[in-house]
């Protein structure tokens with residue numbers, strides 16, 4: 001695999017992503033809402049203004065859970081299916097490049113596009129906080145939230161590319177991606193609460209069930225990083241802390257890593273086995 005070819009393909013994919021109107025819309029919406037939340041977050045004792053980094057990071061968790069997965073799933077779902085539908089994928093494969101270079105070049109380019117979008121959204125809000133509020137100290141929590149949000153975006157990018165690899169029409173791929181986004185969002189606090197009540201799921205099983213959803217894993221990791229406790233999640237959070245202690249955050253990182261690696265590897269395998277390319 002040629003690193004030069006890989007980078008050329010990544011640059012091409014990055015340029016395509018930055019010209020995608022939906023990607024631009026998601027980025028602008030995320031930036032605007034990040035700014036709004038940074039202003040509305042409470043700063044100090046009952047005062048409303050530009051909050052400190054830690055408090056604003058907490059208020060941004062739910063925003064990340066909604067917009068970032070949608071953005072990543074959408075561009076991931078278009079990546080292979082869109083090229084195949086337009087016939088440009090066959091043209092690319094006719095060039096002296098391997099399918100390995102093609103797939104990982106696409107993945108790298110889209111990953112860089114997501115990084116640029118998150119840095120823009122979080123960066124503008126962070127810059128405003130740093131310049132407007134004397135309480136905006138200790139930005140490490142805010143930076144770690146950015147890292148966690150980026151890991152979440154990579155998990156959804158992998159899932160989106162897996163969907164795209166198994167379809168050959170953009171509309172179908174995006175439709176499946178949106179359906180998965182709804183499942184991931186619904187299978188969060190509300191879905192788990194309903195499941196626990198209806199099926200009387202034991203506390204330990206409820207925690208392990210939450211690890212299936214990368215959005216829940218991100219949320220638990222972000223809350224743990226900000227509060228150093230999962231008491232806010234109820235008995236399941238208390239069980240997790242008692243069972244894993246200091247290793248809990250590493251467990252969350254491992255689960256997110258698996259959600260990045262496994263779908264991406266499956267998508268790569270599917271691209272390699274497509275006989276019509």
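The values are calculated or read from the model by the stated rules, or taken from the named source; none is laboratory data. All values reported here derive from a predicted model rather than from experimental measurement. So basically every Cβ, Gly included, is an ideal-geometry build from the backbone, and we count neighbours across all protein chains shown.
With respect to the conditions (1) at pLDDT 90 or above; (2) surrounded by 18 or more Cβ atoms within 10 Å (Cβ to Cβ), residue 147 lacks only one, and its number is (2).
How many residues are farther than 19 Å from residue 261 by Cα and crowded, with 18+ Cβ neighbours inside 10 Å if we restrict to region 79-91? It would help to see each step written out before you state the result.
First, pick out the residues of region 79-91 that are farther than 19 Å from residue 261 by Cα: 81-91.
Checking which are crowded, with 18+ Cβ neighbours inside 10 Å leaves us with 81-84, 89.
So the answer is 5.
Test residue 231 against the criterion of being out of contact with any strand residue (DSSP E or B) (no Cβ under 8 Å at 6 or more places or on another chain), exposed (fewer than 14 other Cβ atoms within 10 Å of the Cβ), at pLDDT below 65 and over 30 Å from residue 102 (Cβ atoms), and give yes or no. Break it down stepwise before answering.
On the way: out of contact with any strand residue (DSSP E or B) (no Cβ under 8 Å at 6 or more places or on another chain): yes; exposed (fewer than 14 other Cβ atoms within 10 Å of the Cβ): yes; at pLDDT below 65: yes; over 30 Å from residue 102 (Cβ atoms): yes.
It is true that residue 231 is out of contact with any strand residue (DSSP E or B) (no Cβ under 8 Å at 6 or more places or on another chain), exposed (fewer than 14 other Cβ atoms within 10 Å of the Cβ), at pLDDT below 65 and over 30 Å from residue 102 (Cβ atoms).
Does region 210-223 contain at least one residue that is at pLDDT below 80 and assigned to a helix (DSSP H, G or I)? Yes - at least one qualifying residue is present in region 210-223. For region 249-259, the criterion of a residue being modelled with pLDDT under 80, surrounded by fewer than 21 Cβ atoms within 10 Å (Cβ to Cβ) and closer than 22 Å to residue 80 by Cα is satisfied by no position. Within region 166-184, is there a residue that is touching a helix residue (DSSP H, G or I) at 6+ places or on another chain (Cβ under 6 Å), over 21 Å from residue 270 (Cα atoms) and at pLDDT 70 or above? Yes, region 166-184 has at least one match. Of the residues making up region 207-224, those that are free of Cβ contacts under 8 Å to residues at least 60 places away in the same chain and surrounded by 22 or more Cβ atoms within 10 Å (Cβ to Cβ) are 207, 210, 216, 217, 220. One residue stands out among those in region 1-31 that are closer than 16 Å to residue 83 by Cα and loosely packed, with under 14 Cβ neighbours inside 10 Å: the one that is modelled with the highest pLDDT, which is 15.
Take residue 193 and tell me if it is in a helix (DSSP H, G or I) and modelled with pLDDT under 90. Quick ask: steps written out before the conclusion?
Working: in a helix (DSSP H, G or I): yes; modelled with pLDDT under 90: yes.
Yes.
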